[in-house]
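Below is one structure, written out as C-alpha cells; the observations come after it.
The values are calculated or read from the model by the stated rules, or taken from the named source; none is laboratory data. This structure is a prediction, so every number in the text was calculated from the model and none was measured. Quick reminder, even Gly has a Cβ in these numbers, built from the backbone with ideal geometry, and neighbours come from all protein chains shown.
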C-alpha cells in the first residue's frame, strides 16, 4: 500500500467513524465534535497500525451508500421470518421438518460471504452452522426456508456489487431430519407460504 493510498484510507475511516460518532451522540456541541474527531482519528490510526490496513478493499463508498437500504430490506426479511416462526410455534399442526442444507454461494470472498452467513443467522428459522470456502451448511426449521437463501444472497450481492457468473448454484439435496435420520428435500412449498 503506497503512502498516499494509506493516508486516504485513514482519512476515509476517520470520516466514517466521525459520522457514527455524530449519529450516536446526537449532539453538535463543539466539545463533543472535537472529542469525536480526535477519537475517530486515533481509532483509525490504531486500526491501520494493528491490522495493516484501514478498511477492507470491498468497503467502498458505493457499499456505504447501499448499506442503509440493505439494512432496511434485511430488517423486513427478519420481520417476515419472525411472523412465520411465530405461526409455527403457536400452531403445532404447521409443518416443522428441521434439516441441514448445503448451500453453495457465488459470492467471491470472505467479507460478502460473512455478511451473507450473518444475515442468514439473523433471520429466524435459519442458522448458518458452518461456512467453508463457498459452501454454507444452514439449519432450516422448515423445508421451504431454504428457498429464502437465494433472495438473501442476491441482497448481499447487490450490496457489494457482485454479479452472478456461471451456472446456477444454491441449495443441494442434503438433509438432516430432526429425529437423526436422513430425509430428502422437497421441491414443493407448503400452501400456506412464508419465507425466510
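Just a few scattered comments:
- Test set (1) assigned by TED's automatic domain parsing to the domain that holds residue 18; (2) farther than 30 Å from residue 12 by Cα - residue 41 fails condition number: (2)
- Selection of segment 131-167 for residues being part of a loop (DSSP other than H, G, I, E, B) and buried (at least 21 other Cβ atoms within 10 Å of the Cβ) yields 141, 142.
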